[in-house]
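The values are calculated or read from the model by the stated rules, or taken from the named source; none is laboratory data. Worth saying up front: this structure is predicted, and the values here are computed from it rather than measured. Because the Cβ atoms are built from the backbone with ideal geometry, glycine has one as well, and the counts that use them run over all protein chains shown.
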Amino acid sequence: MLEQLTPDPQNWPGVDPRWSCMAQVISSAGVDAGHTRTWHYLDNQQVLREEGLEPVGIILAVHGNPTWSYLWRSVLAAGINAENPWRVIAVDQLDMGFSERTGTVRRLADRVRDLGDFTQHVGLDNTDLPVVILAHDWGGLISLGWALEHRDVVEAVALTNTAVFHDQIEKIPAALQLALNPAIHGWGTQKSTAFLDVTLHLAQNGGLDSVVYKTYAAPYRTAELRAGIRNFVADIPAGEATASYTDMVRIAEGIRDLHVPAFFQWGTKDPVFQRRYMADLQERMPQADVHRYENASHLVAEDEDIATPLFHWLEEQFLWNHTGRQAHQLAREEQQLHTDFEPMISEVLQRASDSSLAVVDMDSRNETQIASTLSWAELAQDINRVANGLEATGVRAGDRVNLMVPPGAKLTTLIYACLKIGAVIVVADTGLGAKGLTRALKGARPDFLVGIRPALVAARAMGWPGQKIAADPLPAVARKGLGVIASVADFSDISENTSYSVSPEDDAAVLYTSGSTGPAKGVVYTQRQISGMRDAIRHTYGLSAGTGLVAGFAPFALLGPALGATSVTPTMDVTRPKTLTASALSAAAAAIDATTIFASPAALMNVVRTANNLSEDQRNALKSVDLLLSAGAPLAVPLLEAVQSIVPQASIHTPYGMTEALPITDISFEEIKSALADGTERGLTGARDGVCVGRAVHGAEIQIAPLDNEGEPLEETTTEPGITGEIVVSAPHVKDRYDTLWVTERLSTATPGWHHTGDVGHFDEAGRLWVEGRLAHVLNTSQGVLTPVAMEQAAEEVPVVRRAAAVAVGPAGSATPVVIVETDPRAPQDGRANSALTAQVRQRVLQDTGIEVSAVLQVREHPTDIRHNSKIDRPLLARWAQKLLSGQKAKLKK
Amino acid sequence: MTSAVEVIEVTGAFSQRPVAEEDFAPRRDERVFVTGASGMLGREVSLELLRQGFDVTVFQRSDSGVGELLPESVRERFRQVRGAVTDMKAVQEGLEGAHGVIHLAAKVSFAGQWDEFVETNVRGTRVVLEMAKEAGISRFLFISSPSVAHTGTAFMGEGNGPATPELARGHYARSKALAENLALESDSDDFWVGVLRPHIVWGPGDTQLVERVLDRSARGTLPLLNNGTALIDTTYIDNAVDAIVAGYQRLENIHGTPLVVTNGQPREVAELLGGMCEAVGIPAPSRSVPASVARAAGAVIEKVWSVRPGKDEPPMTKFLAEQLSTSHWFDQKQTRELLDWSPAVSIEEGYARLGEYYGNRYKS
């Protein structure tokens, strides 16, 4: 007799003992047809009945190896709710969990049949309710196999880390290959608990709670009880010769016409079911909504709350008339934001025979020397050549092309060539850091990578995805070594025009957020939206064809040809904006008689620093500039004044925006001064407590979603002055969506038609917007819901304070505000500020904002993001402050 | 047996607030029985009750010194009975004519034998409770301490949790926790028991904290633990007094729910102690000792003191080390709402008053 288990659900934390059920089911599986088998499963039906809840549908949850139904406890619990109740049946597969140990070796086909026997027994085969499968690991293949045989009841598919297909043993992830090795296999899976332990130790956030760990391991105490684990691993269809290979292929292909809504929640740190399995599934089920959890691994149900998003998704599918995305798109249409669609490339195409200058590159070593120029005609021709070459290399419309080429003529050509053939450009800049960049690229999964040599080397070293195309000529040896399939330099000139056919709703670009709060997010723009960005800039600043533009700020640099402006890239290290000197800027301006400058705050700071060395001629070259845009972060008045003295004729503007909407407001230096005066001298309502960013740009509308008592934005939005809330924006040039981040996208479009920016602010009485910080940085204190910027500005009024960050310490609702300062001269160590400085800061903050801070801490240098070196990592500071102020020793990790 | 009321020597009682004839409201014919009035807080509470028109009977072993502070016209409303809270007869005598009780008397010490704490703090509370019920009194305010719910770990924005004697640290906190639970068990519709837990009460003339800090800082022997970054909340004396008098008058609202009372101004220990020192012209303490060392030393010293008790309080105990090296501050929303009270004197104003009171005493 084989050892059998008796369920003891009272000992399973998170499980209501009433869920635990047993069933006697006659097997029809080939391996033991006719035998009666004992099944254990969790089912919340009894509790639903006791609470008088009528379920919307039934979720059939199938675990993998070596977990059991316990994996789904959060989903069972979440199903019991009044608004959107679902019956959840989580089964223990035979030989697994608390189901019978059969002493047989069950193959994929047996297991699919087993599941059918079970569902017939519990009445799933002929229910009137919609059935949704939810699966993990090998449960994915089994439940999808079951779904193909139960198409009439299956109405949706929800998957977590799983796989339905692998073609050969080489591609099996290393972690699994090890388990499959005959020398390891029996020992690792059955004789010892190694496979079980390795799997359970994949849990993130410090690992599983010890009681939870014990519960997972409970049904696998002895080697006999673990036979199922071994047999599962042995059945992995690792090659055509393996027993279950044909069944796997049948299922993997079959789901292509399983036309039901699908939702994938994926932990991308999983060493086994890696992103490529997610991509494979996406390819087979292109209708799927996908959310990647960048901080979760294999046991995504333990690492993240998967139940809440799942029920939100089910609600959209089964209770709403439209999904959230449909509602958002409908609302955007109703807003009638769309003007006539004029493709980005129009201007270039129209000027195909114009011999005037389009693009100028300054020499990378000699800032007064022009390295190369392209006329409009040459630009059009080169774009045509590259577009044709890309197509010949296999790049198709909709393919993602990662461009790793520094700004300048080459990048411009590549961008417009991609736009022309409908390829989607992926722009992840080195400002994300090597790790962040790798993560971003693995998330975006570009099909091609076009790069200069260092980028190709890095791609090789870091495993960046995409077929490699060299942007520059490369020696044959290097091409081979770097796996390069083509070189842009080899693309041959052609006389006829490459066909041009992009639809306004096609994807055009994936841009990346700076990742200052968590992993960088991919932001997808359509052709219409990216053209909208150009139109917003064009109309807001009155830029017309013939403008001479110095492109010192990467995101806007690509707009030059679309605007019909002659653009020049000044001599600078583009990865480090603070390398732009005043003389380089002047030389670039002189090269094209520039009238407009796009720059970043870091670049301008260095320009100001190096302006003393300018000669009379160099100064004169900057006198024809009538517009200067600084984007990325607000500029302090003294810096604006210094910039003004360098470009005396220019109107200086600091647009405000984010990767998801560039830009959304604009303000000039003059307006900044008058806004500040409105607050201090005239006491205008709302003209204080934040950074004034001005008014909406052309085409954009802005509203405020007021914060409730917990600091959460309300649904109803307002434009009333003086009310603080999340800034929401609608504009033709707002992003289409986040890339495979369903949960993030849902939050950002919570108000259909609008983008929730994640910034908080308010309007003043004159209709200007004031930004008060990030929603995630709002302080929920016993003094109320507070925003950080006003406190920080007040603290920065204390002479020695260079930069301040306000954070909350303590539990939400009863926390206390703390200000952390970076001083000049620099503090000798991180820790307590002395009592005098503390008193000064506290007094100033109290006087300006009415808020009393409990403590003032000092740091040598604030931790900031890599891209802008300006976004202070407040959550990190808050954790440090919390530890320090609880009386422990704490080190600020940067 | 020793008790707190004996330990504290009253050398020239004084009042924090004015005691001229016109500062006292007309008599309202309600008598409050206040225990432990030789301590700073008990004395000030008694004076404030008198100012607001209550009659007051103070009860403690030594002279409270309150009588001498009163203008002639108010003295007739004031009565003093001397005795120990464990003495049923004396308590019974004191309760004569009283309508309500504010029970402050306690053995407050970082050292001493467990039995002594039980005697004064637990048995004493039981006696006062039972005698009050016996006398037909229906209003009882017990003054407790947040340490009854302090387990030695960091408190941040803590609410008004129940007392946990089994987890409380040190004899004082554990005995007060037992006493508080005892008091709350008696709470009913016809015998209202309220509990207020003022946290670290300080002010001019306070021998428990202020003068210890100042004396030791003046000698340069006051260490900071872990650089004194633990955030703690305190209560300036006037605020504690106002809260207690408000609590007594709002027993209907607050009975059955213990409420922590503080200034609601958490400060780093180093800043707090430094502020007190600088107010009287002493340099702020700057020597830091690792908290773990202080805790270990405290544990040893505690053992030594328990075998060979000195006359003085021990220089460090485990409890004190924990108090000075872990954050403890509180969410005051519920307290302020139920008491309909808010602190009138800020910490900064408190420092200024220390400076005024001590004048040149600590200046060298």
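Condition check ((1) under 16 Å from A:Leu558 (Cβ atoms); (2) among the hydrophobic types (A, V, I, L, M, F, W, C)) across all residues:
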position: A:Arg396; (1), (2): no, no
position: A:Leu403; (1), (2): yes, yes
position: A:Gly408; (1), (2): yes, no
position: A:Thr413; (1), (2): yes, no
position: A:Ala417; (1), (2): yes, yes
position: A:Lys420; (1), (2): yes, no
position: A:Ala423; (1), (2): yes, yes
Of all residues in region A:684-707, how many are assigned to a loop (DSSP other than H, G, I, E, B), more than 25 Å from A:Gln336 (Cα to Cα) and at pLDDT 95 or above? 0
Select from region A:35-57 the residues that are over 28 Å from A:Pro219 (Cβ atoms) and either modelled with pLDDT under 95 or β-branched (Val, Ile, Thr) (or both) and list them in ascending order. A:Val56
Within region A:765-774, of all residues that are modelled with pLDDT of 95 or more and crowded, with 22+ Cβ neighbours inside 10 Å, the one nearest to A:Gln840 (Cα to Cα) is A:Glu772
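Yes or no, residue by residue, for (1) hydrophobic (A, V, I, L, M, F, W, C); (2) over 23 Å from B:Ala183 (Cβ atoms); (3) within 14 Å of chain A (Cβ to nearest Cβ); (4) part of a loop (DSSP other than H, G, I, E, B):
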| residue | (1), (2), (3), (4) |
| --- | --- |
| B:Glu211 | no, yes, no, no |
| B:Gly220 | no, yes, no, yes |
| B:Tyr248 | no, no, no, no |
| B:Glu271 | no, yes, yes, no |
| B:Met276 | yes, yes, yes, no |
| B:Pro285 | no, yes, yes, yes |
Any idea how many residues of region A:399-415 are of a type outside the set (Val, Ile, Thr) and over 20 Å from the mean Cα position of the chain (by Cα)? 7
Does A:Leu225 satisfy being out of contact with any Gly (no Cβ under 7 Å at 6 or more places or on another chain), within 26 Å of A:Tyr70 (Cα to Cα) and assigned to a helix (DSSP H, G or I)? no
Right, A:Ser583: in a loop (DSSP other than H, G, I, E, B), of a type outside the set (Lys, Arg) and touching an Asp or Glu at 6+ places or on another chain (Cβ under 7 Å) or not? no
Out of A:Pro446, A:Pro454, report the one residue that is part of a helix (DSSP H, G or I) and assigned by TED's automatic domain parsing to the domain that holds A:Ile415. A:Pro454
Checking the conditions here, which among B:Val241, B:Val210, B:Val201, B:Val195 is buried (at least 20 other Cβ atoms within 10 Å of the Cβ), over 29 Å from B:Glu278 (Cβ atoms) and among the β-branched types (Val, Ile, Thr)? B:Val195
Suppose we keep only residues that are under 23 Å from B:Tyr358 (Cβ atoms) and part of a helix (DSSP H, G or I) within region B:222-241. Which one would you say is nearest to the other protein chains (Cβ to nearest Cβ)? B:Gly228
Would you call A:Thr579 over 19 Å from A:Ile652 (Cβ atoms), at pLDDT 85 or above and in contact with a Gly (Cβ under 7 Å, 6 or more places away or on another chain)? no
Within region B:156-178, work out how many residues are within 14 Å of another protein chain (Cβ to nearest Cβ) and under 18 Å from B:Thr257 (Cα atoms). 5
Would you say A:Ser630 is in contact with a Leu (Cβ under 8 Å, 6 or more places away or on another chain), under 23 Å from A:Val360 (Cα atoms), crowded, with 22+ Cβ neighbours inside 10 Å and of a type outside the set (A, V, I, L, M, F, W, C)? yes
Could you check how many residues of region A:565-586 are of a type outside the set (A, V, I, L, M) and surrounded by fewer than 22 Cβ atoms within 10 Å (Cβ to Cβ)? 7
Within region A:665-695, can you find the residues that are touching a residue at least 60 places away in the same chain (Cβ under 8 Å) and farther than 24 Å from A:Leu786 by Cα? A:Asp666, A:Ile667, A:Glu671
Of everything in region B:138-149, what is surrounded by 21 or more Cβ atoms within 10 Å (Cβ to Cβ) and either under 21 Å from B:Gln249 (Cα atoms) or within 13 Å of another protein chain (Cβ to nearest Cβ) (or both)? Give them in sequence order. B:Arg139, B:Phe140, B:Leu141, B:Phe142, B:Ile143, B:Ser144, B:Ser145
Say we look at region A:105-162 and pick out the residues that are among the acidic types (Asp, Glu) and within 31 Å of the chain's Cα centre (by Cα); which of these is farthest from A:His259 (Cα to Cα)? A:Asp137
Residues located in region A:98-116, provided they are farther than 13 Å from A:Gly139 by Cα and either of a type in the set (Gly, Ala, Ser) or outside the structural domain of A:Gly186 (by TED's automatic domain parsing) (or both): A:Ser99, A:Gly103, A:Gly116
Test result for A:Val760, assigned by TED's automatic domain parsing to the domain that holds A:Val809 and in a strand (DSSP E or B): no
With respect to B:Asp206, determine if the residue is at pLDDT 85 or above, under 28 Å from B:Gly100 (Cα atoms) and either within 14 Å of chain A (Cβ to nearest Cβ) or in a loop (DSSP other than H, G, I, E, B) (or both). yes
Determine which member of the set A:Thr575, A:Thr665 is within 30 Å of the chain's Cα centre (by Cα), in a loop (DSSP other than H, G, I, E, B) and of a type in the set (S, T, N, Q). A:Thr575
Pick from region B:332-364, criterion over 19 Å from the mean Cα position of the chain (by Cα) and assigned to a loop (DSSP other than H, G, I, E, B), ranking: modelled with the highest pLDDT: B:Asp340
Let me spell it out: the conditions are (1) surrounded by fewer than 18 Cβ atoms within 10 Å (Cβ to Cβ); (2) of a type in the set (Gly, Ala, Ser); (3) in contact with a Ser or Thr (Cβ under 7 Å, 6 or more places away or on another chain), and B:Gly159 meets all of them except one. Which number is the exception? (3)
